[in-house]
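The values are calculated or read from the model by the stated rules, or taken from the named source; none is laboratory data. All values derive from a computational prediction rather than experimental measurement. Heads up, the Cβs are rebuilt from the backbone with ideal geometry, glycines too, and the neighbour counts pull from every protein chain shown.
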Amino acid sequence: MMRDGPFHGRCLCGAVRVTAARLDDEISACHCDLCTRWGGGVQMGIEAPADGLSIDGPVKVHRSSRLAERGWCDTCGSAVFFRYVEDRDTGYLELSPGLFDNAGGARLTRVVYADRRPHGYWLEGEDVARIGRKSYEADNPHLSQETTP
Ligand SMILES: [Zn+2]
Ligand SMILES: [Zn+2]
């Protein structure tokens, strides 16, 4: 559920400041190959509408695939956002929960590519939907090129 803010966040060094007018109360985590490498183990995101979102500071952007790009603080390296850019600009960005105190008050509700997680760790959580690669890509056909190694 989208909540009204404003929600204020920042990166590790404080050079990047984020203000979101609205922020979801749900966190999703992704174990796809791209998110695993980029996030340092797993990547999590909270949806925020692009409208009403401001991100100030030295943000660099990497086009991680045909479909999406990822932004980080160029000073300290903190992951700031993920978003779809081509043929599926959703009007939303996925912000890193860690930008906000207490993860913005959001809770983990969904783990995707759950069957692709490394064998050595597992995200706990009550009522967490765990969606495997096959069913996730069946529901999101645009993703199959995003994550196929
Ligand atoms: Zn920083
Ligand atoms: Zn992913």
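Remarks
- Condition broken by Val111, with the remaining ones in (1) touching a residue at least 40 places away in the same chain (Cβ under 8 Å); (2) surrounded by 14 or more Cβ atoms within 10 Å (Cβ to Cβ); (3) assigned to a loop (DSSP other than H, G, I, E, B) satisfied: (3)
- For segment 1-49, residues that are within 16 Å of ligand 1 (Cβ to nearest atom), outside any strand (DSSP E or B) and crowded, with 21+ Cβ neighbours inside 10 Å total 2.
- Counting the residues of segment 93-108 that are under 22 Å from Arg37 (Cα atoms) and in a strand (DSSP E or B) gives 4.
- Note on segment 1-39: residues that are without any contact (Cβ under 8 Å) to a residue 24 or more places away in the chain and under 30 Å from His119 (Cβ atoms) total 1.
- Within segment 86-108, if we keep just the residues that are modelled with pLDDT of 95 or more, within 16 Å of ligand 2 (Cβ to nearest atom) and not hydroxyl-bearing (Ser, Thr, Tyr), the residue that is surrounded by the most Cβ atoms within 10 Å (Cβ to Cβ) turns out to be Leu95.
- Filtered by the rule that a residue be within 19 Å of Ala48 (Cα to Cα), aliphatic (A, V, I, L, M) and touching a Lys or Arg at 6+ places or on another chain (Cβ under 9 Å), segment 107-127 gives Val111, Val112.
- A Cβ distance below 7 Å, combined with a sequence gap of six or more or placement on separate chains, defines the contacts here; from segment 56-85, residues that are at pLDDT below 95 and part of a loop (DSSP other than H, G, I, E, B) reach no residue that is within 11 Å of ligand 1 (Cβ to nearest atom) and of a type in the set (D, E, K, R).
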